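Have a look at the structure below, then the notes.
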Amino acid sequence: MKYWALLAGKLLACALVLGLLWRAVTALVPPPRTLYYNGFLGYDLGWTLIAGLFFLLGSGLLYLAFLDQRYRCRVCARRLRMPIVTGSWGQMILKGRPRIEYICPYGHGTLKVPEFQISGHETADWKANRDLWEELVASEDERK
């Protein structure tokens, strides 16, 4: 639940920042008035350029929000840590294709991301751990 609440908060913050920025732009550079057309995009080069740059900025902010969300734990929404490269290009048949594995610092799960995507978009593989720390503590108790 925290994972989705964080994403909603990021999207709300992006919308708020873009809304405030658009108000500031329209206050500094008022839109032109034309007699024959109510809209101004495509007819006024300055406003068309401003709208295009604003669209690129908004797209970039949304991309960064989703990219950051991809590398977060699905349970506690903390950033995943400790990247480990597994697999090898030279021994792909034995070890598989190279992947980068990230782990939650609290042991909630691991994320396996392909190192290089050859055939289109591949989704990252999230694997939730059952109680990793309890298993580790239980193994210490069994040794004693």
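The values are calculated or read from the model by the stated rules, or taken from the named source; none is laboratory data. This is a predicted model, so every value here is computed, not measured. Positions of Cβ are backbone-derived with ideal geometry, glycine not excepted, and every protein chain shown enters the neighbour counts. Heads up: the accessible areas ignore ligands, DNA and RNA and are worked out on the full protein's heavy atoms, side chains in. Shrake-Rupley method; radii C 1.70, N 1.55, O 1.52, S 1.80 Å.
Look through region 8-37, keep the residues that are part of a helix (DSSP H, G or I) and not aliphatic (A, V, I, L, M), and return whichever of them is modelled with the lowest pLDDT.
Initially, region 8-37 is screened for residues part of a helix (DSSP H, G or I), giving 8-28.
Those left that are additionally not aliphatic (A, V, I, L, M): 9-10, 14, 19, 22-23, 26.
Details: G9: 95, K10: 95, C14: 96, G19: 96, W22: 92, R23: 93, T26: 86.
Out of the qualifying residues, it is T26.
To keep it simple, each residue is scored yes or no on (1) open to solvent by less than 80 Å² (accessible area, probe 1.4 Å); (2) in contact (Cβ under 8 Å) with a residue 24 or more places away in the chain.
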site	(1), (2)
W4	no, no
L62	yes, yes
V75	yes, yes
E101	yes, no
G107	yes, yes
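Every residue in region 78-122 that is basic (K, R), part of a loop (DSSP other than H, G, I, E, B) and out of contact with any Lys or Arg (no Cβ under 7 Å at 6 or more places or on another chain), please. First the steps, then the outcome.
Quick first cut of region 78-122, residues basic (K, R) only: 78-79, 81, 95, 97, 99, 112.
Then drop every residue that is not part of a loop (DSSP other than H, G, I, E, B), which leaves 78, 97.
Listed by number, the list holds a single entry, R97.
Going through region 38-65 one residue at a time, which ones are in contact with a helix residue (DSSP H, G or I) (Cβ under 8 Å, 6 or more places away or on another chain) and either at pLDDT below 85 or within 30 Å of Y102 (Cα to Cα) (or both)? Before you say what the answer is, go through the steps one by one.
Of the residues in region 38-65, the ones in contact with a helix residue (DSSP H, G or I) (Cβ under 8 Å, 6 or more places away or on another chain) are 40-42, 50, 54, 57-58, 61-62, 65.
F40, L41, G42, L57, G58, L61, L62, A65, listed by residue number.
Checking the structure you have, find out if any residue of region 87-94 is among the β-branched types (V, I, T) and exposed (fewer than 13 other Cβ atoms within 10 Å of the Cβ).
Within region 87-94, one or more residues are among the β-branched types (V, I, T) and exposed (fewer than 13 other Cβ atoms within 10 Å of the Cβ).
Of all residues in region 66-78, which are in contact with a Gly (Cβ under 8 Å, 6 or more places away or on another chain) and either within 12 Å of C14 (Cβ to Cβ) or modelled with pLDDT of 90 or more (or both)?
Let us first name the residues in region 66-78 that are in contact with a Gly (Cβ under 8 Å, 6 or more places away or on another chain), namely 73-75.
Passing the criteria: only C73.
Yes/no per residue for (1) open to solvent by less than 50 Å² (accessible area, probe 1.4 Å); (2) in contact (Cβ under 8 Å) with a residue 12 or more places away in the chain:
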| position | (1), (2) |
| --- | --- |
| L11 | no, yes |
| G19 | yes, no |
| L28 | no, no |
| A51 | yes, no |
| V85 | no, yes |
| T110 | yes, yes |
